[in-house]
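Heads up, the thing below is written out as structure tokens.
The values are calculated or read from the model by the stated rules, or taken from the named source; none is laboratory data. Note that the structure is a prediction, hence the values are computed from the model and not measured. Neighbour counts run over all protein chains shown; Cβ positions are idealised from the backbone, glycine included.
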Amino acid sequence: TQLLEQSPQFLSIQEGENLTVYCNSSSVFSSLQWYRQEPGEGPVLLVTVVTGGEVKKLKRLTFQFGDARKDSSLHITAAQPGDTGLYLCAEYNNNDMRFGAGTRLTVKP
Amino acid sequence: GAVVSQHPSWVICKSGTSVKIECRSLDFQATTMFWYRQFPKQSLMLMATSNEGSKATYEQGVEKDKFLINHASLTLSTLTVTSAHPEDSSFYICSAQTGYNSPLHFGNGTRLTVT
């Protein structure tokens, strides 16, 4: 079973700061997805990365997929209180989906 | 589009009773649905994979006789927690997809509290 490690586990920052969260694997990802989950709701897909070295941007969020496809990062620029939530990375392969432990982000106004 | 509805959104039941949670794909046909369990401040743990018309595949450590999954149609899967105990209290989430390796769409979850 592939393990997905996310770091940091918790992150509390002030509004306007930048941050990066990481997702690492013991083996190669076939594809990797990032989700954001708010309390009491289901996860919402932010992005899917497939190609090694791929970079995708979603407004203030930048997603990178490592060249070797064993790691990924999510960078948020000028964080806002609305970015608060649980960020999950997940691998989806052959109808099997595994989530990382998540990074719980709190952005204080 | 691609809306998944879970019902109920929260439920409180007494120990020993059974609770049924529904997961519906409202505007697409879901060949596969997944059921997850999430404890407070933790990630989602896959419980089982449900394919329409066939028996669900349960993850290791998940009791299939306790967590009954039925996927009788392309738009509905149900999870029944039988003989519920307080330790079954958790947040249960379903997701659905139209086909193999297609995007997953998540429901909003059901918070179960067993007293």
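What's the total number of residues in the stretch A:9-43 that are within 14 Å of chain B (Cβ to nearest Cβ) and more than 23 Å from B:VAL4 (Cβ to Cβ)?
Qualifying residue count, the stretch A:9-43: 8.
Give the residue, chosen from B:GLN60, B:GLN42, that is in contact with a Gly (Cβ under 9 Å, 6 or more places away or on another chain), surrounded by fewer than 20 Cβ atoms within 10 Å (Cβ to Cβ) and without any contact (Cβ under 8 Å) to a residue 12 or more places away in the chain.
B:GLN42
Just wondering, is there one or more residues in the stretch B:78-90 that are modelled with pLDDT of 90 or more, within 19 Å of B:PHE28 (Cα to Cα) and away from every other protein chain (no Cβ under 14 Å)?
Looking through the stretch B:78-90, at least one residue is modelled with pLDDT of 90 or more, within 19 Å of B:PHE28 (Cα to Cα) and away from every other protein chain (no Cβ under 14 Å).
Considering only residues that are polar (S, T, N, Q) and not in a strand (DSSP E or B), look in the stretch B:25-51 and name the one that is farthest from A:ALA90 (Cα to Cα).
So, considering only residues that are polar (S, T, N, Q) and not in a strand (DSSP E or B), the one farthest from A:ALA90 (Cα to Cα) is B:GLN29.
One residue is enough: does the stretch B:64-75 have a residue meeting the conditions more than 11 Å from chain A (Cβ to nearest Cβ), within 30 Å of A:LEU46 (Cα to Cα) and surrounded by 21 or more Cβ atoms within 10 Å (Cβ to Cβ)?
yes
Looking at the stretch B:51-70, which of its residues are within 23 Å of B:ASP27 (Cβ to Cβ) and at pLDDT below 90?
Those that are within 23 Å of B:ASP27 (Cβ to Cβ) and at pLDDT below 90: B:ASN51, B:GLU52, B:GLY53.
Residues being polar (S, T, N, Q), more than 12 Å from every other protein chain (Cβ to nearest Cβ) and either within 23 Å of B:PRO40 (Cβ to Cβ) or not in a strand (DSSP E or B) (or both): count how many of those fall in the stretch A:72-101.
3
Taking the stretch B:1-19, which residues are over 17 Å from B:ALA96 (Cβ atoms) and more than 11 Å from chain A (Cβ to nearest Cβ)?
Result: B:PRO8, B:VAL11, B:ILE12, B:CYS13, B:LYS14, B:SER15, B:GLY16, B:THR17, B:SER18, B:VAL19.
So for the stretch A:3-21 (the condition being within 22 Å of B:GLY109 (Cβ to Cβ) and either among the β-branched types (Val, Ile, Thr) or assigned to a loop (DSSP other than H, G, I, E, B) (or both)), does at least one residue qualify?
Yes, the conditions are met somewhere in the stretch A:3-21.
Out of A:ARG69, A:ARG104, I need the residue that is crowded, with 17+ Cβ neighbours inside 10 Å and within 14 Å of chain B (Cβ to nearest Cβ). Which one?
Within the list A:ARG69, A:ARG104, the selection yields A:ARG104.
Can you tell me which residue is surrounded by the most Cβ atoms within 10 Å (Cβ to Cβ) among those in the stretch B:11-37 that are at pLDDT below 95 and over 11 Å from the mean Cα position of the chain (by Cα)?
Only one residue fits best here, namely B:ALA30.
Just to be sure I understand the filter: pairs with C-beta atoms under 6 Å, separated by 6 or more residues or on different chains, first member in the stretch B:1-19 and over 14 Å from B:LEU79 (Cβ atoms), second member in a loop (DSSP other than H, G, I, E, B) and charged (D, E, K, R). Which pairs pass?
Taking only residues 6 or more apart or on different chains, the pairs are B:GLY1/B:ASP27; B:VAL3/B:ASP27.
Can you tell me which residue is nearest to A:SER25 (Cα to Cα) among those in the stretch A:38-55 that are within 12 Å of the chain's Cα centre (by Cα) and part of a strand (DSSP E or B)?
The qualifying residue nearest to A:SER25 (Cα to Cα) is A:VAL49.
So which residues in the stretch B:91-115 are in contact (Cβ under 8 Å) with a residue 40 or more places away in the chain, facing chain A (nearest Cβ under 10 Å), part of a loop (DSSP other than H, G, I, E, B) and not small (Gly, Ala, Ser), if there are any at all?
B:TYR100, B:PRO103, B:LEU104, B:ASN108, listed by residue number.
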